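Enquirer: I have a structure here, written as structure tokens, and I will follow up with some questions on it.
Coordinate-derived values only; no laboratory data. Worth saying up front: this structure is predicted, and the values here are computed from it rather than measured. In this analysis, Cβ positions are derived from the backbone assuming ideal geometry, glycine residues included, and neighbour counts consider all displayed protein chains.
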Amino acid sequence: MTNVCRPADEAPGDDAGAPAPLERYRTLQTGLDMLEQGLSIFDADLRLVAWNRAYVTLLGFPPEMAWLGAPFRSFIEYNARRGDYGPGDPQQQVAERIAAARLFTPHDIERVRPDGTVLRIRGQPVPGHGFVTLYSDVTERRRAEATIRRQNAELESRVAARTAELQRSEERMRLVMDSIPALVAYFDAQRVYRYLNRGYADWFGVDTSRPESVSARRFLGEAVYAIVRPHVRRAMAGEAQSFTYELATQDGQRRIVRTSFAPEIAEDGRVAGCFELTFDITEQRRAQALVARAQKLESLGHLTGGLAHDFNNILTVVIGNLDALAHARPRDEAVPEYVQPALDAARRGAELVRALLSFARRQPLQAASVHVGALVDTVARLVRHSLPETVRLSVDPGPTPLWTWIDATLLEQALINLVLNARDATGPLGRIALRARAARLDAAHATPLQMSPGDCVCIEVEDDGAGMDADTVARVFEPFFTTKPPGSGTGLGMAVVYGFIRQSGGAIDLRSAPGQGTTVTLWLPATEPPDDPSPSAGEARLPALQQGLALLVDDDAEVRRVIRRSLLELGYAVLEADGGAEALTLLRHTPGIALVLSDVVMPGAVDGVAVARAVRDARDGTAGPAMVLMSGSAPDDIARPAGVPLLTKPFTADQLARAIEEGRSPR
């Protein structure tokens, strides 16, 4: 390698024995050539004044290019021609780099050569002399660094994937725990909660994301916590616990729950914490109570049925003889004084016996396919006049037609009884709901009701009254049990409803709590509608009895009650209206009416004569309902339609029967 500052001669130094300058330069050049780093020195005119072998080798220059005074431009142009600077205009690349070099500013850069070699180039100006540049091959170092970065990235990726998997596992575990129909928790040895599933948020409204801040004393209340605390102490002593108690949730619901504590024992034998599992067993206990109540009422039914049968025989003899005595001595003063009161009392006893037979499920039934929604609507119309104006009655017959096989008259009476009971429980500003809906009983719910699983019709009577305590609920269907004051009832109403529903293959259920009202639910087996029902599926309808359906129109409820009894005795099912306008509406929407019995003088724009004309127009010479008018004061010559008889109040059942026959439409 040619030295950059070779002298013309070798003048000896001042010191004897010192190496000649040329020898020193050769020694220096030899040392520089041994370096792995390349070195170049360009003077202020950008001409090469010093270099070593590594400079030529690392940058891939032909050896003949490096000579004393070689211009910097030659090296740059060589690199540009062979593409060391990448794509672009070589002349522009050369100009840019020479311009940068003339600035003589320090720099430290890396450049990747086309063969993949990575060079680190560090330049430092030498004031007044030019520029010194060092060239280092850092290819392996960068490869090692890239390998380390890649390995770190792979490691970080695996750690991130593992972390994500752990998070997903934790999320899945929390999802599983939150989906369990139970409360799951864990508290440590200091009795601090470390985990709470979503059930605690649903029941008590606590923040399960911060379990350490949750206090069982606060969300349970002092009374319940006093029950739980001794079991916690025993669990922290290493003894597993399981116990039952009652608590209240944030929405005020009372729940019967069973809680189990499972201590976590550490390796050293100490109790590290405790797992807590709480199940809601309210429905389970309720199902057990339903079964026990059904069994109790079944036994009472057998006993009551036997007693009723015997008493019926006794009363038959008593009533028969007293009635015979009264007819045999019509003028005897002792008859009204002694015989008639005894006869009346015996007949009231017979009514009680009939109610007992109903509870014992021994009454005769006249079952047929019944449109439940229509019957519910009818019951609502019948009871509205018996409710105070301030009591709100809401009715929902269901979105679809519902059918069941049952005695319609007895079902109507049962629902009326339930609504009137609700009226008595609610007070003057109460709310009562009467609704029907389709339901499906699974095995778990059907078993305590003593029914078969399957499709059912559910009829509910709900009130917002005072409610009943557990003891009252347990006895509400027992014969002669009543919460009403003495003289206000026999205590057979609910018993009769229970017996009738059970005899019809259904079940009756009652939910109530003090201050939370009462809901009575009738479950009846669903049936298919009849092949050719006379009304369409959405029209109101009552199954006809022997004589069909009668529409009774009178604005006096007491009068309707008396006449209704006579119509029932004549074999009619009775639909009531308290005025002419309501009667016309029922006539338009209720098919199959066989008789219209209407008062003449009624408030409103539509009187009895208008109702009679509407019936006559509807006949149009064809078969239609019989029409009879009645009045307590109207003269016989009122302008009523031809062929419509007029009854003067009061009248007997026989007189009513003859008037009905007279008022039948021509056949």
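Enquirer: So what's the projected area for segment 47-159, the Cα convex hull averaged over all directions, in nm²? Intermediate values should be presented prior to the final figure.
Expert: Details: hull surface 35.1 nm².
Its Cα hull, projected and averaged over all orientations, spans 8.8 nm².
Enquirer: Given a Förster radius of 41 Å and the C-beta distance between Glu222 and Val176 as r, what FRET efficiency does 1/(1 + (r/R0)^6) yield to the nearest 0.05?
Expert: So, using R0 = 41 Å, E works out to roughly 0.80.
Enquirer: Once the Cβ-Cβ distance between Glu110 and Ala44 is put in as r, and R0 is 30 Å, what FRET efficiency do you end up with, to the nearest 0.05?
Expert: 0.70
Enquirer: Pull out the extension gain between Ser213 and Arg347, defined as 0.36 nm times the separation in residues minus the alpha carbon to alpha carbon distance; nm, one decimal.
Expert: 41.1 nm
Enquirer: Report the per residue volume, in Å³, of the convex hull enclosing the C-alpha atoms of segment 365-538.
Expert: Cα convex hull per residue, to the nearest whole number: 123 Å³.
Enquirer: Determine the equivalent ellipsoid of segment 180-280 by diagonalising the alpha-carbon gyration tensor, then write out the semi-axes as square roots of 5 times the eigenvalues, largest first, rounded to whole Å. Walk me through the numbers before you get to the answer.
Expert: Working: eigenvalues 97, 45, 28 Å².
The equivalent ellipsoid of segment 180-280 has semi-axes of 22, 15, 12 Å.
Enquirer: Once fully extended, how much extra length lies between Thr30 and Ala466, figured as 0.36 nm per residue of separation less the alpha-carbon to alpha-carbon distance?
Expert: In short, 145.6 nm is gained.
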